[in-house]
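The values are calculated or read from the model by the stated rules, or taken from the named source; none is laboratory data. Note that the coordinates shown come from a computational prediction; the quantities given were computed from them, not determined experimentally. Heads up, the Cβs are rebuilt from the backbone with ideal geometry, glycines too, and the neighbour counts pull from every protein chain shown. Heavy atoms of the whole protein, side chains included, go into the accessibility calculation; ligands, DNA and RNA do not. Shrake-Rupley method; radii C 1.70, N 1.55, O 1.52, S 1.80 Å.
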Amino acid sequence: LPPRHMDSVVQIVEALESTDDGFTGTVPELARALGACGTPGCRAVLGEPPDVPPAPPTLSREQWLLFTQLLHQDTAAPERGAVLAPDGSTVALGPLLAGIEVGLKRAAGWPTPTVEAPIDALYAVTVAEVLGTSFLLARDGDGNRATLGPDGCWDDVGDPQNYTLLGPPSPIPDAVANGAMDGVLLGAHLARAPSPLADLLRGYYGTGNGTEKGRPPSSYRRRDFGVLTGPGKLEEEVAAMLRVLRVLPPTRELLEDVGPEEVVAIARQAAQDFTEVYVECPAIVPRCMWGARPYRGTPKPLTLPLGSVYIHHTFIPSAPCRTFTACARAMRAMQRFHQDARGWDDIGYSFVVGSDGYLYQGRGWHWVGAHTKGYNSKGYGVSYVGDFSATLPDPDAIGLVRDGLLPCAVRTGRLHRNYTLRGHRQVGHTDCPGDSLFHEIKSWYGFK
C-alpha cells in the first residue's frame, strides 16, 4: 500500500476532488460512508452515514484500500486510522475529516443540528465526545485506566506502514488528540473561507514541499488550538456532549447513574487534563521517532522532583534545525558523537530543542544524563540545536522551554517549584550555551 503519510492522503483527496464519478458527496462524507465518525454522538450531529460507493475510478486499487483502512473505525485501536505528517506528528483522519465536514457545511449555510442539549457541532464531532467518554469510562476504574495518550512510533518514517503505541492505550492516543485539534482549526477556517480540501491540507501540513522548507502551520497546532479554545469552552462542550449522550439509546446506560453535578465534574477534569497535556505542555518527539540507538548498559534513575535545570547549546551542529527531518538527523549525529567519540552510554542531554516547534527526547524525564559534569543527577540538561554565541534561537524556540517545558515540568511533579536555572558555563569550563543565549536566560524564572 502507499505509505501511511499525509502526502498519500492529499494525493487521494486531490484525485477524489477531480471527479464526481461514483460519489456525489464531499470527501468527508465519503469518509463517514467508510466508517469514520460512527460514534453515537457523531451520528446524532452529522446524521447517518451515506452508503459505501463503489471504488472511484480515479483512485488506484491500493489508494482505495489505504483510504478504506484509515477510515474504518476501530474503538479498540483508534490509532489505526492515523498517518504521519511532515512535521513528525501523527494525525488520526477520523476527527480531522469530521471537523472539516462541519466547516464545509457551515460555509454552505447548514442549520445547527437539533439535539437535546445546545452544542457546538465542530467540537462535538472532533474532541468533545471522545474526551467526555474517555473520562466517563475511567471514573469507575481503579485509577490505572489511561484517559489520554500515549504517543507512538512508526516502523519507518520514510515509508510509514505500522504505528505502535508506547504504552497502554486510552480512547484518545496522541494521534487522535492531534487529529481533533486539527479538525477544529481547519473546520473553523473552512467555515470562514471555503477552499479545495487538497489545497487546504497541503498548505496546513506542508506536504509535497520537500523537507527543508521550514515550519508548516501544523507544528503550531497546540498554540493555535489554545488560542481558539480556552479551557472554559472545552469544559462547556464536553459537558454538553455528555448531556446529549445521556438521551441517545446506545449510550444512555453509561450515564444512568451520573448526576448533573458529576457530569460537570467529569467535564471539568477532562478539559483541564486535555489542556495541560496537549496545549500547555509542549510536544516531545520520542526516541524511536528520531531513530535513536539503544542505551548502552543500564540507565540510572533520577529521584524526582529535581531542583535544577542546565541550559546548553549544541555548538555542533551550528545551524538551528527547522524541520523534523533535519532535527532527527541532528539527534542521530549527536548520539553517535556522544556514544562513539565520548564513550558515553547515550546522547547526554535530557531534552534537545529544535527550531521546528518540537522538543526531542534524549535521556528524558527519568534517567540520569551526561550533560553537566558533577550535576547530572541534580537537574535536567536542555540543549538548543545550534551555535548561539552571537545570535539567539527563534522566539518560538525560546518560548518552547521558558514558557512550555519548564512550567509543565513543575506542574507534573518532575521539577521543584523553586528550581534553579543555570547556563552550562556557570558549573563547567565552557562557553556553553553561547554568549547570546546565556544573556537571554538571565531573564528567565529561576536563574541564579
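Looking at the chain, how many pairs of lysines come closer than 29 Å at the Cα, when each pair is eight or more places apart or spans two chains?
Details: K105/K233; K300/K373; K300/K378; K300/K448; K373/K442; K373/K448; K378/K442; K378/K448.
Lysine pairs meeting the criterion: 8.
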Inset, instruction - Collect residues whose amide H, placed 1.01 Å from N in the peptide plane, falls under 5 Å from the amide H of H312; neighbours closer than 5 in sequence don't count. - result: V382, S383, Y384
Legend entry - Carbon and sulfur %, accessible surface of the stretch 165-227 computed with the full protein complex present, 1.4 Å: 59 percent
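Among residues other than G179 whose Cβ falls under 15 Å from its Cβ, what is the net charge (Lys/Arg +1, Asp/Glu -1)? Can you show the working numbers first?
Details: positive: R4, R32, R80, R221, R222; negative: D74, E79, D87, E101, E129, D151, D174, D182, D224.
Residues close to G179 contribute a combined charge of -4.
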Inset, instruction - Please find, in a Gaussian network model of the chain (springs between Cα atoms separated by less than 10 Å), the residue of G399, G109, G226 whose mean-square fluctuation is greatest. - result: G109
Legend entry - Equivalent ellipsoid, the stretch 121-233 (semi-axes from 5 times Cα gyration tensor eigenvalues, Å): 27, 21, 11
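So how do T391, T90 rank on accessible area, 1.4 Å probe, biggest first, that is with the largest at the start?
Numbers: T391 80, T90 10 Å².
These residues rank, largest area first, as T391, T90.
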Inset, instruction - Kindly express, to the nearest 10 degrees and within the range 0 to 90, the angle between helix 260-275's C-alpha long axis and the longest C-alpha principal axis of the chain. - result: 50 degrees
Inset, instruction - Compute the long axis of helix 93-107 from its Cα atoms, compare it with the longest principal axis of the Cα atoms of the chain, and write down the angle in degrees, 0 to 90, nearest 10. - result: 60 degrees
Inset, instruction - Enumerate the calculated ³J(HN,Hα) couplings along the stretch 59-70 in order (Karplus 6.51 cos²θ - 1.76 cosθ + 1.60, θ = phi - 60°), each rounded to whole Hz, writing x wherever the residue is Gly or Pro. - result: 9, 6, 4, 5, 5, 5, 5, 4, 4, 5, 5, 5
Inset, instruction - For the chain, with a Gaussian network of springs between Cα atoms less than 10 Å apart, report the residue from P86, P173, P57 with the top mean-square fluctuation. - result: P57
Inset, instruction - For the stretch 100-136 and the stretch 392-430, write down the distance between their C-alpha centroids in whole Å. - result: 38 Å
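Which percent of the accessible heavy-atom area of the stretch 287-442 goes to carbon and sulfur, probe 1.4 angstrom?
Details: 3480 of 6670 Å².
Carbon and sulfur: 52 percent of the exposed surface of the stretch 287-442.
If you restrict to DSSP beta bridges whose two residues both lie in the stretch 287-442, what percentage is antiparallel, to the nearest 5? Don't skip to the end; give the middle numbers.
On the way: 4 of 18 bridges.
Percentage antiparallel, nearest 5: 20.
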Inset, instruction - Using Cβ-Cβ distances only, list the Cys residues of the chain with no partner cysteine under 4.7 Å, sorted by number. - result: C432
Inset, instruction - Take the Cα coordinates of the stretch 304-432, assign each an equal point scatterer, and use the Debye formula without solvent to give log10 I(q)/I(0) at q = 0.12 Å⁻¹. - result: -0.41
Legend entry - Cα centroid separation, the stretch 226-271 to the stretch 1-17 (Å): 35 Å
Legend entry - Solvent exposure of the chain as accessible area per residue, Å², 1.4 Å probe: 43 Å²
Legend entry - Counted charge near H366, where neighbours are those whose Cβ lies closer than 12 Å (Asp, Glu -1; Lys, Arg +1): +3
Legend entry - Candidates A98, A177, A108: whichever shows maximal mean-square fluctuation once the chain is modelled as a Gaussian network with Cα springs under 10 Å: A108
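Mind checking the dipole of the chain: about its Cα centre, +1 per Lys or Arg Cβ, -1 per Asp or Glu Cβ, Debye to the nearest 20? Present the calculation step by step, with values, prior to reporting the outcome.
Numbers: 41 positive and 49 negative charges, 400 e Å.
In total the dipole reaches around 1920 debye.
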Legend entry - Degrees between helix 129-138 axis and first principal axis of the chain (Cα, 0 to 90, nearest 10): 70 degrees
Legend entry - Karplus 3J(HN,Hα) series, Hz, for the stretch 322-332 with 6.51 cos²θ - 1.76 cosθ + 1.60 (x for Gly, Pro): 10, 9, 4, 4, 5, 5, 5, 5, 5, 4, 5
Legend entry - Backbone HN-Hα couplings from phi across the stretch 403-411 [Karplus 6.51/-1.76/1.60, Hz, Gly and Pro as x]: 9, x, 4, 5, x, 5, 5, 5, 4
Inset, instruction - Show the residues, 5+ positions off or on another chain, whose built amide H is closer than 5 Å to the amide H of H5. - result: L84
Inset, instruction - Name the residues whose placed amide hydrogens come within less than 5 Å of the amide hydrogen of L306, ignoring near sequence neighbours (fewer than 5 apart) on the same chain. - result: L415, H416
Inset, instruction - Round to a whole angstrom and tell me the spacing of the C-alpha centers of the stretch 32-69 and the stretch 278-354. - result: 41 Å
Inset, instruction - Mind ranking E261, E276 by accessible surface for me, highest first, 1.4 Å probe? - result: E261, E276
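Taking the Cβ of L165 as the centre, find all other residues whose Cβ is under 14 Å away and add up their charges (Lys, Arg: +1; Asp, Glu: -1). Let's see the in-between values first.
Details: positive: R80; negative: D74, E79, D151, D155, D174.
Surrounding charge for L165 is -4.
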Legend entry - Total charge dipole magnitude, the stretch 1-134, about the Cα centre, Cβ charges on Lys, Arg, Asp, Glu only, Debye to nearest 20: 140 debye
